[in-house]
Amino acid sequence: MIFLYSYNISPYAAKVRAILRYKGLPFEERLVHPLHRGELKRLSGQSGVPVIDDGGQVVVDSTRIAQFLDEKYPQKRILPEDPTLRARALLYEEWADEGLPRVVQPVRWFLPKNRQHTLALFRSAYPPGRREDLAWKAIAPLAYHGVKRKYGNRIGIPKPPEVLNRLAEAMDYLDAALAETGWLAGPQPSVADFAAWGFLNFLDGMDGWETLKARKRVLKLVRAFQKDETAAPEAYDVEDAAMLDASHHRRTTQTPTPNKKRLPLV
Ligand SMILES: N[C@@H](CCC(=O)N[C@@H](CS)C(=O)NCC(=O)O)C(=O)O
């Protein structure tokens, strides 16, 4: 049995989850709690997700996991054998892993309604209850702070029009890159498509979705793999709203001390 250590809001974990499903590999997901990462650390020597444990073979980082899975389970290859297509798949994967987050994470986190969805979704993966709610009052601003530090700019965070314009521009490029076959590298899905999907699937139903939907080939890619049940933005409840208020309050009145060991959460 393969175990996948993840967060339900992690695009890199979504990428691995989609690859496991595409290859038809049975797996069990272990959602890591952001305040309890001891087991993950003992297992993998670090505290980021995704990590897989395949019968004692522990692999960290979605790119390495994808390569490991493709070598061990060659059915439905996601790394093309043809060297040109393989190079293209790896280059586009690198863009989807490193460039696309700078476009998509601001959409998920800097548009207020989307941030509510994202935080509510994150919270929904863990047991209900007052104690846990209390913990989330701390986790939510920490998570947001981590994202701001990573994807904000020196004067704060970009305004919604700028965030959406950057999304539109990137989706134009992506749509054009998909024109030949509907996939990024050759006639079949490759690791690059899964990497892009990992980020884009979260935008379904969020502010910015119309921008994606208008690019037909991008829309087809987002619809191509099984939608993450975990990724569906749920209506947030009153407790979640309170949690968000706490995060706004924190942001304007005091800067949370960054805990280098724990940040960034996402
Ligand atoms: N390059 C890594 C990036 C993974 C990553 O950034 N994971 C985030 C969640 S989306 C995380 O776990 N951050 C917390 C940490 O690194 O401690 C990959 O492809 O797997």
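Find the centroid of the Cα atoms in the stretch 159-208 and in the stretch 5-43, then give the distance between the two in whole Å. So the two Cα centres are separated by 22 Å.
Provide the packing ranking of 151-158, 20-27, i.e. peptides ordered by the mean count of other C-beta atoms within 10 Å per residue, highest first.
Numbers: 151-158: 12.5, 20-27: 15.1.
Highest mean packing first, the order is 20-27, 151-158.
Taking the Cα centre of the stretch 1-83 as the origin, how large is its charge dipole in debye, to the nearest 20, when only Lys and Arg (+1) and Asp and Glu (-1) carry charge on their Cβ atoms? Working shown, then result.
Values: 12 positive and 10 negative charges, 42 e Å.
Dipole about the Cα centre, nearest 20: 200 debye.
Secondary structure note: in the stretch 1-143, about 65% of the DSSP beta bridges are antiparallel.
Each reported figure results from applying straightforward, stated rules to the coordinates on display, with no laboratory input. Just so it is clear, the model here is predicted, and its values are computed rather than measured. Every residue, glycine as well, gets a Cβ built from its backbone with ideal geometry; the counts of neighbours run over all protein chains shown.
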